[in-house]
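These notes are about the structure you will find just below.
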């Protein structure tokens, strides 16, 4: 797959599945076991949180075992971690805020970056800076579905995902 199409494939996978499963575990072994179960169970987009023990090793293992799945890293807070995650095979990166250095790097096609936003100003800034999708965070503290519905009115052209406080 061409590098420039990775972000588009992940974006399509997210739109088709309607969910990004978020994985937090107490060990690398538990993370891999839980990820395998989720991916075998039909999850096609999986976020492995940066704070997971052995996150990069977990990522490498999962990307090798499931090359067609969109597996990425969440809670990426700086450019160094973003580069390490991409070198380990991350197809997307997520942050709780917009990290401009990451956005600048990944807009060159290395991976899909999903910056965290909270306000209309942050949404528009991230989109205008090149984000193809934004993560509204922490959505449960902001009003949940009603807040997302209110944001969709002025920004119907900006793809959004809700994050935090959503459990299944």
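Each value in this text was obtained by applying a stated rule to the coordinates, not by laboratory testing. Values in this document were obtained by computation on a predicted structure and should not be read as measured data. Every residue, glycine as well, gets a Cβ built from its backbone with ideal geometry; the counts of neighbours run over all protein chains shown.
Here are labelled values, (i) 11.6; (ii) 9.0; (iii) 17.5, and one is the computed mean projected area of the Cα convex hull in nm² for what I pasted. Which one?
Computed from the coordinates, mean projected area of the Cα convex hull in nm² corresponds to (ii).
Give the separation of the Cα centroids, segment 111-126 to segment 44-74, in Å.
22
Listed highest first by mean packing, meaning other Cβ atoms within 10 Å per residue, what order do 55-64, 111-120, 92-101 come in?
My ranking of the peptides, most packed first, is 111-120, 92-101, 55-64.
Mean residue ellipticity at 222 nm from the helices of the chain, using -39,500 (n - 2.57) per DSSP H segment of n ≥ 4 over the full residue count, to the nearest 500 deg cm²/dmol?
It lands at -13000 deg cm²/dmol.
For the chain, give me the percentage of DSSP beta bridges that are antiparallel, rounded to the nearest 5 percent.
Beta bridges within the chain, antiparallel portion: roughly 0 percent.
When you count, for each residue, the other Cβ atoms within 10 Å and take the mean per peptide, how do 65-78, 28-41 rank with the highest first?
Highest mean packing first, the order is 65-78, 28-41.
Got the relative contact order for the chain handy, in percent, Cα pairs under 8 Å and 6 or more residues apart?
Here the relative contact order equals 17 percent.
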